[in-house]
Amino acid sequence: MKRFRYMKAVSVREAIGIFAAEPGAALMAGGTNLVDLMKYDVSTPTVVVDINGLPLHDITEQPDGGLRLGALVSNADVAYDPRITERYPLLSSAILAGASGQLRNMATVGGNLLQRTRCSYFYDVQVPCNKREPGSGCPAKTGLNRGHAILGASPLCIATHPSDMCVALSALDATILVEGPRGVRSIPFSEFHRLPGESPERDTTLEPGEIILAVDLPLLPPSMGYSYLKIRDRLSYAFALVSVAVLIKIDDRIIQQAHLSLGSVAHKAWRDKDAETLLVGAAPVRAVFKRIADRLLDSAIAQEQNGFKIELAHRATVRCLEQAAAGTPQSQANKRIC
Amino acid sequence: MADAALNTGRPLLRVDGPLKVTGGAKYAAEYDAPDLVHGVIVPSSIARGRIVSVDTRAAQAFPGVLKIFTHENRPWGAHFSVFFKDPMGPPGKPFRPLLDGQVHFSGQPVALIVAESFEAARDAAALVRVSYHTEAHKTDLEKEAVHAYTPPRTRLGVPPTPKPTGDADRAFASSPVKVEATYRASPENHHPMELFASTVVWGADKTITVYDKTQSPKSVQIYLKAAFLLFGRRVRVVSPYVGGAFGLGLRPQQSVFLAMLAAKALKRSVRVVIPRDQMYTLGYRANAIQTVSLGADEDGHLHALKQEAIAATSQYEDAQDPMLFFSGLLYGCENVKLAYKLAKLDTISPCDMRAPGAATGMFALESAMDELAYATGRDPLDLRLENYIDYDQMEHRKMSSKALRDCYTQGADKFGWSARTAAPRSMRDGRDLIGWGMATGIWDAALSPLPARATVTLTADNRLEVTTSVTDIGTGTYTILSQLAADAMQLPMDRVTTRLGDSSLPYNPTQGGSWTASTAGSAVQAACEKLKDKLLKHSHRTDQASLTSDPSVEFVTLLNVAGKARMEATATITNLPFGKKFTSATHSAVFVEVRIDEELGAIRVTRVVSAIAAGRILNPLTAQSQIRGAAIMAIGKALHEDAASDHNLGRCMAHSFADYHIPSNADVFDLEVIFVKELDTEVSPIGTKGLGEIGSVAVAPAIANAVFHATGYRVRELPITIDRLLPGLPL
Ligand SMILES: Cc1cc2nc3c(=O)[nH]c(=O)nc-3n(C[C@H](O)[C@H](O)[C@H](O)COP(=O)(O)OP(=O)(O)OC[C@H]3O[C@@H](n4cnc5c(N)ncnc54)[C@H](O)[C@@H]3O)c2cc1C
């Protein structure tokens, strides 16, 4: 760990001020990712700005019938809030599929969005990594890449975004409310995280000095089916190999609307809205689900060790759609896949 | 023996339990000393080559840094001592940290930063710049296996691979049914909960107290005295509590070497802790490629058993473990041929890990037996019963006891094995494929290869103290020794205090090999007998016989009659390696249920029944904990653990628990333990066989076999992860 200064911000303005003025500044919310990265010298902020004193701790009703999640609401408080469990059970389920009770108590909405990849090369400062040290190279491409991206990767980086919560937010068409030196703006979820391209060191489209204020959840049509299915190397407390979030509206055995997002397969939660239109008007049957899975994954590219993830993502997509359509979402408490 | 006992054989709670759950039990890194300074290791980033230069200027200038040790300035002495060797080390030249500029493995310590605070040392460590002349490394066992060789010298304490019997090649060739397959097991790291750490307290009065995480305070003491030429000083190594070690604490680790090096040079107390992300630099369970060939007749009767193993070792030592030692002991077969080979890699030396060798060797043999069951159409359990033997066919000796048949029947009964349908994929529950598998386990039952002592002391306040230098690594040693002593001296448990884990206590070599209960227990029992004799003699009582058989006698009255404040007795247990009339082993039969999603391959090990034959059970509670813990560890071996290396970098990349998976609570379902009755009067004076390893041996193959039964697809490589299983799950 490198030496750093520590300060507590008391207002959003102040936080933005420091954050924008000092390029080496890092904001700290729950600290569950930032502090880990600092211990491994992956993050080496000159100043750590503790933002826990900012007034971003509430979940509030929105005029359009949606909900606003303050950036500092803990993952646990989101997952167990009755408004979330009733209106956005997909989000609750995805959060509960991640980490552990202790971590979810500390982790925040904003921190979860900005958690960094779990690529083991990224975490080891003694080896190259383009995301950590642009231009140094990507050993994962020719090395251990069993867990890496199958979609949207670039020659420079095959890391995945590891969040569970974000997969649900992507399916929910959330928007991110941010504020920076140039004011407040809203970013649609699909534009928030980015693909690695030529600059894998950048995870998001946030501008320098911008901080996350809240995540807005839009009003959903009533009685949507949902499921969050996470496949991992053990039954709990592991990042996903692949995960799938599905929201589906079925009337009279016809799919009216479907949102589908894949996790841990790309540098961001992976959504293909064109593909989703394939589902609309179709019957909720396996053959249809397979077709959309084919379509979602037809541009997938395997590295040496992760070809199985394409097949696994395909199967998980079909199953998750089946679960959502049948009204039997995956339980995060019972490890049996339903 | 056991039957009249008041405490022994009963499920008593751990005597050290309250201390452990209240934080009262102190571990090596928790001891403080005046002016204690802290050492942090800088690991190498390359696997093989030479250090060209170490730039320590920035680190040296860091506030709080006292001294930076590298191969260029390390003190003389330690490294050139001809005594530099640890008793448990394999043949070869042991790795000597900071000896010279050669790099032998990725993560090798290339500098030690010593600073006033841990934080300063850690932060300065990040500022050290090392430049290397890199040489091509070899870390891929798949590639190096072609250069495998039979180790020319066997390792002390590890039984050599048995010589062939009959003509296995010919018998195999002419067998009507043949099974031949190659099995792979990944490298594993020990990852005990407590980190490896050492606090060396430099005393003004020529005493050095070393709080070390080790399985053997005595070996560490002997090693330190020799390696650092500390003959004029009193070196005491103290390890009263050890938070797991699993074999990695059998050898003195880098932490204690480097802490002593710095302490001696600076004449100050020093602590060195190996952080979790450097754990892989201490040792690992060797990965191995094994080929098993079984020849049988149509009934499954074995005619030929061949097993060849190629296991990883380092460039500088021939690390060895009994991977194939047990393969000829389980099933009757006249033609057995075992070949144990090593392949050199640019890694640290592999190090014993719970059920060393056997856990990997038995995975291959017991998987092959399952394959033979299918090849002959026999039930896997029947096949094993068909080939049952009750003597040692390799050494032509009797077994001192072998209740394995009872393990089979009682385990099968408890599990409900008879309800199993034989065909793969024939049992299911909705989309879960259900698989039932079983396997046999075996491990050595022996006394420590080195003599061991224990002392018991009775004081006038009617308290008994039991002392011996061996550690309790979570095994329950404190408790069982107190139980044995309480019964021998006819005292209630709360009158007995056991002290362990201190080199100044009576010599008792190492907690390991499943020999501690038998060795330390026998020494304690013998010491108690001696003490009773002494008491009787001193009290001039003539009615000795009636006294020792009368449980109401309080020996303290004899102490009073003799007019003494205290009396002690010491006994030594020796294990003569020659002239043995019997072979002794612990056995197990393990039955496992797995449930696997038919499309997605997620595996749940929903039931494990371990039936164990291990002689006398001193405490069913701590004994069950041993077997359950071992089963969980073996679930890890079967499904999760892989200390995977990037062979381009020559570096293990599983540095944290995010990459190195072990079972979580959710991965552990029902674990049942049965101890079958087994009377053995030969194996040890107290009739025990030891329990540390046996629980680990058969669980991984039983899981692998259950996975086959569930899916019809044989995964011959551990861990069985989804990527390896998915090809066996057609839609
Ligand atoms: C052992 C372990 C297991 C885990 N398992 C999972 C899992 O299975 N699934 C999963 O999804 N996640 C998992 N996580 C990750 C966890 O979800 C994240 O660490 C957590 O969500 C981060 O939130 P935080 O508040 O602690 O963020 P911090 O660590 O405080 O911050 C993370 C990043 O976000 C930035 N940041 C925080 N708040 C704001 C804001 N308001 N505006 C701008 N920037 C901000 C920080 O500057 C920092 O860069 C795991 C983590 C650990 C340690």
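The values are calculated or read from the model by the stated rules, or taken from the named source; none is laboratory data. All figures in this text were calculated on a predicted structure; none of them were measured in a lab. Positions of Cβ are generated from backbone atoms using ideal geometry, with glycine treated the same way; all protein chains shown enter the neighbour counts.
Quick notes on this one:
- Among the residues of the range A:298-319, some residue qualifies, meaning at least one is of a type outside the set (Val, Ile, Thr) and farther than 21 Å from A:Thr160 by Cα.
- Residues of the range B:631-680 satisfying the condition of being of a type in the set (Val, Ile, Thr) and within 16 Å of the ligand (Cβ to nearest atom): B:Ile662
- Restricting attention to the range A:161-188 and to residues that are crowded, with 21+ Cβ neighbours inside 10 Å and within 14 Å of A:Arg68 (Cα to Cα), the residue that is nearest to the ligand (Cβ to nearest atom) turns out to be A:Val178.
- A:Asn105 vs. criteria part of a helix (DSSP H, G or I), within 8 Å of the ligand (Cβ to nearest atom) and touching a residue at least 12 places away in the same chain (Cβ under 8 Å): no
- So B:Phe69, is it away from every other protein chain (no Cβ under 14 Å) and assigned to a loop (DSSP other than H, G, I, E, B): no
This table checks each residue for (1) more than 24 Å from the chain's Cα centre (by Cα); (2) surrounded by fewer than 23 Cβ atoms within 10 Å (Cβ to Cβ).
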{"site": "B:Arg428", "(1), (2)": "yes, yes"}
{"site": "B:Val456", "(1), (2)": "yes, no"}
{"site": "B:Gly474", "(1), (2)": "no, no"}
{"site": "B:Gly512", "(1), (2)": "no, no"}
{"site": "B:Gly521", "(1), (2)": "no, no"}
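- Residues being away from chain B (no Cβ under 14 Å), aliphatic (A, V, I, L, M) and within 11 Å of the ligand (Cβ to nearest atom) - total across the range A:37-60: 5
Residue by residue, here is whether (1) away from chain B (no Cβ under 14 Å); (2) farther than 18 Å from A:Gly327 by Cα; (3) in contact with an Asp or Glu (Cβ under 9 Å, 6 or more places away or on another chain); (4) within 16 Å of the ligand (Cβ to nearest atom) holds:
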residue	(1), (2), (3), (4)
A:Arg232	no, yes, no, yes
A:Leu235	no, yes, yes, yes
A:Val244	no, no, no, yes
A:Ile255	yes, no, no, no
A:His259	yes, no, yes, no
A:Asp272	yes, yes, no, no
A:Ala282	yes, no, no, no
A:Phe289	no, no, yes, no
A:Ala293	no, yes, no, no
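- Contacts under 6 angstrom Cβ, first residue in the range B:654-665 being at negative phi, partner small (Gly, Ala, Ser) and more than 12 Å from the ligand (Cβ to nearest atom), 6 or more apart: B:Ala654/B:Ala643; B:Ala654/B:Ala644; B:Asp659/A:Ser120; B:Tyr660/B:Ala654; B:Ile662/B:Gly636; B:Pro663/B:Gly636
- A:Gly98 meets all of the listed conditions (1) crowded, with 24+ Cβ neighbours inside 10 Å; (2) in contact (Cβ under 8 Å) with a residue 40 or more places away in the chain; (3) closer than 30 Å to B:Ile46 by Cβ; (4) within 14 Å of chain B (Cβ to nearest Cβ) but one, namely (3).
- Residue selected from the range B:280-295 under the condition aliphatic (A, V, I, L, M) and buried (at least 24 other Cβ atoms within 10 Å of the Cβ), by the criterion farthest from B:Thr347 (Cα to Cα): B:Leu294
- Condition met for A:Asn112 (crowded, with 24+ Cβ neighbours inside 10 Å and under 14 Å from the mean Cα position of the chain (by Cα)): yes
- Those residues of the range A:190-230 which are within 14 Å of the ligand (Cβ to nearest atom) and either without any contact (Cβ under 8 Å) to a residue 12 or more places away in the chain or part of a loop (DSSP other than H, G, I, E, B) (or both), in sequence order: A:Glu201, A:Arg202, A:Asp203, A:Thr205, A:Leu206, A:Glu207, A:Pro208, A:Gly209, A:Glu210
- Count - residues of the range A:108-124 that are in a loop (DSSP other than H, G, I, E, B) and either within 14 Å of chain B (Cβ to nearest Cβ) or more than 7 Å from the ligand (Cβ to nearest atom) (or both): 10
- For A:Ala140, the criteria (1) within 14 Å of chain B (Cβ to nearest Cβ); (2) crowded, with 24+ Cβ neighbours inside 10 Å; (3) part of a loop (DSSP other than H, G, I, E, B) hold in every case but one, which is (3).
- When each of B:Thr409, B:Thr421, B:Thr440 is tested for being farther than 30 Å from B:Met493 by Cβ, part of a loop (DSSP other than H, G, I, E, B) and β-branched (Val, Ile, Thr), the lone residue that passes is B:Thr421.
- Scan of the range A:153-189 for residues that are under 26 Å from A:Thr277 (Cα atoms), of a type in the set (A, V, I, L, M) and not in a loop (DSSP other than H, G, I, E, B), ordered by number: A:Met165, A:Val167, A:Ala168, A:Leu169, A:Ala171, A:Ile176, A:Ile187
- For the range A:285-313, a tally of residues being within 17 Å of A:Ser261 (Cα to Cα) and surrounded by fewer than 20 Cβ atoms within 10 Å (Cβ to Cβ) returns 8.
- Residue that is surrounded by the fewest Cβ atoms within 10 Å (Cβ to Cβ), among those in the range A:7-36 that are within 13 Å of the ligand (Cβ to nearest atom) and assigned to a strand (DSSP E or B): A:Ala26
- Taken over the range A:80-92, residues that are buried (at least 24 other Cβ atoms within 10 Å of the Cβ) and either within 13 Å of the ligand (Cβ to nearest atom) or farther than 19 Å from A:His259 by Cβ (or both) amount to 1.
- Taken as a whole, the range B:519-526 holds no residue that is touching a Phe, Trp or Tyr at 6+ places or on another chain (Cβ under 7 Å) and at pLDDT 95 or above.
- Test result for B:Val707, closer than 25 Å to B:Pro322 by Cα, more than 14 Å from chain A (Cβ to nearest Cβ) and crowded, with 24+ Cβ neighbours inside 10 Å: no
- So B:Arg96, is it in contact with a His (Cβ under 8 Å, 6 or more places away or on another chain), surrounded by fewer than 20 Cβ atoms within 10 Å (Cβ to Cβ) and in a loop (DSSP other than H, G, I, E, B): yes
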